[in-house]
Amino acid sequence: QVQLVESGGGLVQPGGSLRLSCAASGFTFTRYAMSWYRQAPGKERELVATIFAVIFGNTNYADSVKGRFTISRDNTKNTVYLQMNSLKPEDTAVYYCNAIYGQTKYWGQGTQVTVSS
């Protein structure tokens, strides 16, 4: 059974940091590109960051998070992370973990991140 379980969300003040984790199981983790998406109220889901399969290893970021967010993966733990620094109120959203390999795609249930003073 495929599972993507996000954790690490919460309430943080502007300028603060959070680290999200996504624990994967039920598929060959190293083959999959892993991404974080987010969806704010009333807005469409948007891609935040991607880390490609191990054989490629490179990363991509949305312009809005470049220099502030870092995506990484630990293939020994089947886990992908999103380190979020210098958080802004506009980063408030539900953050979703995504795994993709060819036509196969999996989603996590999401974790809420709220940036507010």
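The values are calculated or read from the model by the stated rules, or taken from the named source; none is laboratory data. Keep in mind it's a predicted model, so treat the numbers as computed, not measured. Note that each Cβ is placed from the backbone with ideal geometry, even for glycine, and that neighbours are counted across all protein chains shown. The area values use the complete protein model at the heavy-atom level, side chains included, leaving out ligands, DNA and RNA. Shrake-Rupley method; radii C 1.70, N 1.55, O 1.52, S 1.80 Å.
Would you confirm whether any residue within segment 96-109 is modelled with pLDDT of 95 or more, over 17 Å from V2 (Cβ atoms) and open to solvent by 30 Å² or more (accessible area, probe 1.4 Å)? Within segment 96-109 (the criterion being modelled with pLDDT of 95 or more, over 17 Å from V2 (Cβ atoms) and open to solvent by 30 Å² or more (accessible area, probe 1.4 Å)), the answer is no, since none of the residues qualifies.
Please tell me if V54 is of a type outside the set (D, E, K, R) and crowded, with 18+ Cβ neighbours inside 10 Å. Here the answer is no, as V54 does not meet what is asked. Any residue that is farther than 16 Å from Q3 by Cβ, free of Cβ contacts under 8 Å to residues at least 60 places away in the same chain and of a type in the set (A, V, I, L, M) - is there at least one of those in segment 29-42? Yes - at least one qualifying residue is present in segment 29-42.
Is there a residue being farther than 18 Å from G10 by Cα and small (G, A, S) anywhere in segment 90-100? Yes, because at least one residue in segment 90-100 is farther than 18 Å from G10 by Cα and small (G, A, S).
The one condition from (1) farther than 11 Å from W36 by Cβ; (2) crowded, with 17+ Cβ neighbours inside 10 Å that M84 does not meet is (1). R38 meets all of the listed conditions (1) farther than 17 Å from G110 by Cβ; (2) under 11 Å from the mean Cα position of the chain (by Cα) but one, namely (1).
Being more than 17 Å from G102 (Cα to Cα), β-branched (V, I, T) and either modelled with pLDDT under 95 or open to solvent by less than 50 Å² (accessible area, probe 1.4 Å) (or both) is the filter here, so list the residues in segment 1-51 that pass it. The answer is V12, V48.
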